1. Taking the options D125, D130, D176, name whichever one is assigned to a loop (DSSP other than H, G, I, E, B) and among the charged types (D, E, K, R).
2. Of all the residues that make up the range 72-86, how many are surrounded by fewer than 20 Cβ atoms within 10 Å (Cβ to Cβ) and modelled with pLDDT of 95 or more?
3. Does K166 satisfy being more than 20 Å from the chain's Cα centre (by Cα), open to solvent by less than 70 Å² (accessible area, probe 1.4 Å) and under 19 Å from L304 (Cβ atoms)?
4. Identify all residues within the range 300-316 that are part of a helix (DSSP H, G or I) and open to solvent by 20 Å² or more (accessible area, probe 1.4 Å); write none if there are none.
Amino acid sequence: MGILGVALMVATLGAACGGKSEDKAQATGAKSAAYPVTVEHKLGKTVIDKAPQRIVTLSDADLDALLLLGIQPVGIAESSGPDGISPWAKPKITGQPKVLSPGDNGYKVEEVLALKPDLILAGGDYYIKDQYDKYAGLVPTTAFEKGNFEDAWQVTLRQVARAVGKVDEGEKIVKDVEAKIAKVKTDHPVLVGRKFAVSQVWEAGSVGVLRSKDDAGVKMLNDFGMVLAPGVAALPGEEFAAQLSLEKVGVLDTDVLLVYYTEDTFRTALEGNTLFKNLTVVKRNAYQVLRQEQFSALRTATPLSVPYLIDNVVPDLVKVAKAP
């Protein structure tokens, strides 16, 4: 994962503090009869002896899975949106979980442990590889199964469902969300086969572009039937994103171009650049600006963000995909 993804993940948009309700027992809904359970992942095995009552989630993917399974956390990782809670998760949060803000090297271990968790869900946590040993010796802690920030939302959801004793409920959620994704391809065949590029502009004079087939955002658009532009896919490097100078923006000239600007001044500068204005995709009006929450939903695929994406981004995709 390159700087593009990290910049989004660690953006601080405010934090909500847990009040006295934090100290009350959380309604987990976990089935005690399912315990003990063992969750295997890339960093080891996590044994959970009994139904957890105080759960901390260190990623959107873990949080959204937990919420859909009917369980409220005592602590959550800061996300996009007001108070550090994503617009798709906020309606499902009934308590006042502590919002944890990451630093350059992850979350403050002492701040997480101060919540007295009996389970830490970190399958989607970008920083867990470096912090796992600090947590796991004290609290049952999960981690990614494939790679750092590479697990599909289905993988994290199933992991969370197993950890909280709700495997059957988890499978139903997977089936329901996958059906919604499949319906996009059925309802909007114009998307199928369309080549795309997704960019983020976070500084003057350059453009970031998602280049990896393993990126969550790329995978999501693939699920809609779209194809990463060959020129973008061929960009050198091993990270999820590549950074282009303005002289190389020609690689973005594809069927559909999606761009998120971290500041309005960056949009003004890029759209005023002659090389960018002369791109065929821009002249065809097949260029779509994403709002911050739209970009966040695309870059952080979860069982809650995917339906949000379908409702709030797919209509824009269809519009630009139809551009002559």
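The values are calculated or read from the model by the stated rules, or taken from the named source; none is laboratory data. If you're wondering where the values come from, they're calculated on a predicted model, not measured in any experiment. All Cβ positions, glycine included, derive from the backbone under ideal geometry; neighbour counts span all protein chains shown. Only protein heavy atoms, including side chains, enter the accessible area calculation; ligands, DNA and RNA are left aside. Shrake-Rupley method; radii C 1.70, N 1.55, O 1.52, S 1.80 Å.
1. After ruling out the rest, the residue left standing is D125.
2. Residues in the range 72-86 being surrounded by fewer than 20 Cβ atoms within 10 Å (Cβ to Cβ) and modelled with pLDDT of 95 or more: 1 in total.
3. yes
4. So in the range 300-316, the residues part of a helix (DSSP H, G or I) come out as 305-312, 314-316.
If the condition is that a residue be part of a helix (DSSP H, G or I) and open to solvent by 20 Å² or more (accessible area, probe 1.4 Å), then P307, Y308, I310, D311, N312, P315, D316 are the ones that fit.
Here's the yes/no breakdown for (1) open to solvent by 10 Å² or more (accessible area, probe 1.4 Å); (2) more than 23 Å from E238 (Cβ to Cβ):
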{"position": "V112", "(1), (2)": "no, yes"}
{"position": "K116", "(1), (2)": "yes, yes"}
{"position": "K129", "(1), (2)": "yes, no"}
{"position": "L138", "(1), (2)": "yes, yes"}
{"position": "V155", "(1), (2)": "yes, no"}
{"position": "E171", "(1), (2)": "yes, yes"}
{"position": "L191", "(1), (2)": "no, yes"}
{"position": "R194", "(1), (2)": "yes, yes"}
{"position": "W202", "(1), (2)": "yes, no"}
